[in-house]
Amino acid sequence: MNIAVFASGRGSNFLSILNACKAGIIPACISVLITNNENAGAREIAKSEHIPDVHFSRAHFKTDAEYTQNLLNLLKDSNASCIALAGYLKKIPALVVREFHNRILNIHPALLPLFGGEGMYGRYVHEAVLASGMKVSGATVHFVNEEYDRGAILIQRCVSVERFDTPETLAAKVLEVEHTIYPLALKALVEERVVFEGNKAWILE
Ligand code: GRF
């Protein structure tokens, strides 16, 4: 089975997924890295691993329809059965969400449904958590639907928020957890061990 990974930035989640594929933990291959950011660190990782990487941006196309169609073609050419968003900052077009219904995962650096939605990414998330006074944060792997950060939650794991945490120290704790749970979620998806009940998703052990 092939996974298409979308990333906009440094690519540490991309790397954790890649390592899990190489170790056979996720019984799948990454067939393409798609990025909207020409300078994404994830591209360097892809290059060094000989994974096709495609710089794909809305700016390359005249219309939304053309952009979406080209994205669908790219996914078809890569033979991807599922998609992992790994720090991807653009919205996935609705047509792609429909085409890959319940086969697109995203990782978010907080405990959804708190601290999610448009504009809630990176440092903003951790600042909001610290400002809230909450004593726990964490990471969430969830399915992607047409609304930002609102699809069924698949795995969450907590970290504690300590008195002297800064957005940076909290981000580092959460990232460590992300690197553990994202491969587990993808493994379950690829192994078809996910069941849906309404807006909930569960992993069969
Ligand atoms: C992670 O914190 C992830 O939760 C969020 O974007 C960040 C990406 O980091 N969606 P990296 O590029 O995978 O290192």
Q) Does the stretch 103-120 contain at least one residue that is within 11 Å of the ligand (Cβ to nearest atom), open to solvent by 80 Å² or more (accessible area, probe 1.4 Å) and free of Cβ contacts under 8 Å to residues at least 60 places away in the same chain? A) no
(Q) So for the stretch 128-148 (the condition being buried (at least 16 other Cβ atoms within 10 Å of the Cβ), among the hydrophobic types (A, V, I, L, M, F, W, C) and in a loop (DSSP other than H, G, I, E, B)), does at least one residue qualify? (A) yes
Q.
I'm checking my understanding of the structure. Among residues of the stretch 87-102 that are outside any loop (DSSP other than H, G, I, E, B) and touching a residue at least 40 places away in the same chain (Cβ under 8 Å), which one is least open to solvent (accessible area, probe 1.4 Å)?
A. Val97
(Q) Please determine whether any residue of the stretch 39-58 is under 18 Å from Val141 (Cβ atoms) and more than 14 Å from the ligand (Cβ to nearest atom). (A) no
Q) Just for the stretch 175-191: of the residues that are open to solvent by 60 Å² or more (accessible area, probe 1.4 Å) and more than 12 Å from the ligand (Cβ to nearest atom), which one is farthest from Asn2 (Cα to Cα)? A) Thr180
**Q.** Hits in the stretch 44-65 - residues which are touching a residue at least 24 places away in the same chain (Cβ under 8 Å) and either assigned to a loop (DSSP other than H, G, I, E, B) or among the charged types (D, E, K, R) (or both)
**A.** Glu44, Glu49, Ile51, Pro52, Arg58, Asp64
Q: Run Ile153 past the list (1) away from the ligand (no atom under 11 Å from the Cβ); (2) free of Cβ contacts under 8 Å to residues at least 24 places away in the same chain; (3) under 21 Å from Val5 (Cα atoms) and report the number of the one that doesn't hold.
A: (2)
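The values are calculated or read from the model by the stated rules, or taken from the named source; none is laboratory data. Not measured: the values here are computed from a predicted model. Neighbour counts run over all protein chains shown; Cβ positions are idealised from the backbone, glycine included. SASA here: full protein model, heavy atoms, side chains in, ligands and nucleic acids out. Shrake-Rupley method; radii C 1.70, N 1.55, O 1.52, S 1.80 Å.
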